[in-house]
1. Please report, in whole Å, how far the alpha carbons of segment 40-95 spread along each principal axis, starting with the longest.
2. If I model a spin label as a point 7 Å beyond the Cα along the Cα-Cβ vector, how far apart are those points for Glu230 and Trp120 in nm?
3. Expressed as an acute angle from 0 to 90° and rounded to the nearest 10, what is the orientation of the C-alpha long axis of helix 226-235 relative to the principal long axis of the chain?
4. Points 7 angstrom from Cα along the Cβ direction at Asn353 and Arg409: gap in nanometres?
5. If the convex hull of the alpha-carbon atoms of segment 78-142 is projected onto planes in all directions, what is the mean projected area in square nanometres?
6. Going by average Cβ neighbours within 10 Å, how do the peptides 360-368, 255-263, 141-149 rank, with the highest at the top?
7. Out of every Cα-Cα pair in the chain, what percent are more than 39 Å apart?
8. Restricting to the chain, what percent of DSSP beta bridges are antiparallel, rounded to 5?
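Rule-based calculations on the coordinates, nothing more; no lab input. All values reported here derive from a predicted model rather than from experimental measurement. Cβ coordinates were reconstructed from backbone atoms using ideal geometry, including for glycine residues, and neighbour counts include every protein chain displayed.
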Amino acid sequence: MSDTSIAPLADATPEDTAAAVEIEVRAIGKRARAAAQTLALAPAARKTQALKKAAGLIRARAGDIAAANAKDMEFARAKGLSEALLDRLALTPERIEGIAAAVDATADLPDPVGEVLASWDRPNGLRIERVRTPLGVVGVIYESRPNVTADAGALCLKAGNAAILRAGSESLNSSAALVACLADAMEESDLPRDGVQMIPTRDRAAVGALLRMSDYVDVIVPRGGKSLIERVQAEARMPVFAHLEGLCHVYIDGAADPQKAVDITLNAKMRRVGVCGSAETLLIDRHIADQLLPKIAGALVDAGCALRGDASACAIVPSLEQAVEQDWFTEYLAPILSIRVVDGPDQAIAHVNHYGSHHTDAIVTEDQAVADRFLNECDSAIVIHNASTQFADGGEFGMGAEIGISTGRMHARGPVGAEQLCSFKYRVRGTGQCRP
């Protein structure tokens, strides 16, 4: 079988034309469509076997993956990537083990394909079942996170789909090494290695070619910055599971436990500032701001976070930089946090719904009624009570891994795992009925 996991176009020259890239991408699509037909019918045990083998290969090839990542890091530094994006790209031994563990966890999930979601009998004797089925071919476009390569490939396989991966230019070598682990494991398990392929070029024309390929690709999952999402939504000729920016909020209610407020805010912002679940705005109730905001601000500053505040926040903590309107719309992906003092939950919810990206938002409060209001009225894919926004992760949700956090409203919303990478069909069983 053809192997596209080791990128023949990785050193693309200026002479590479859009036409050549289109031919390459369409060839990948054709192979993916053929592989998807086999994977849709693959026994659950064989898919699990392939995923277990893939996790083992990732561990066995950790040195090779680290060496490939070192090349990517060198390329990314030369390109001038920010520290937050470099952190997303970097693969430490612990992170490589985390990738393997996520593949293992995906292998251990129940197989979603063929699950009967509902069944009922009609008065005429027809037996109707709604059954989960694979989507087909899933295209994934992402930026500087090589772990997405393994997560996407593993989840697509678990759900009986073929995957076409378009990694960011910075993670090309790391992603190719991980795709090779998945493809080799599939081949060793008597599954088509073309079930997971990577578009092996940095040429941006590949994105356009993939988005036009509706005859081979059933759904696109973009994961990256706002410009990437906007381009995909504008150009894609197939459905899109949009992973929009993570403009996440923490609201400290007037009935918040002070220590929880400090601990949750610090973790939500500073655990890892470059992930989509990192908080970018803190909202705090005016009734407790005088007493609590200095403690929260002090903990954040001690951790290395720069703070920007509205007029009320700056009056309480004079060292804050004055926030401007654009700050409330900004996903910093850096140790920067904007702070606004609000007049209770109504204003907090209104702020989240107006300025947020509908990704993940949290409330800290001991008032259950206020918590319920926030969880019900915030129009976000993930809403959290008394816990950090950094739990916005498919692995933390028990889904093994995720391809992304969908902020749209159709089909999949929130973490996109194996179940969300399925559709369904109706099976109708009769005994000779004819419609009058």
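1. Principal-axis extents of the Cα atoms in segment 40-95, largest first: 46, 24, 16 Å.
2. Result for the modelled spin labels: 4.4 nm.
3. 40
4. 1.2
5. Values: hull surface 31.8 nm².
Over every viewing direction, the Cα hull of segment 78-142 projects on average to 7.9 nm².
6. On the way: 360-368: 23.3, 255-263: 17.1, 141-149: 25.2.
Sorting 360-368, 255-263, 141-149 by mean packing, highest first, produces 141-149, 360-368, 255-263.
7. Here the tail beyond 39 Å accounts for 26 percent of pairs.
8. Bridges in the chain are about 25 percent antiparallel.
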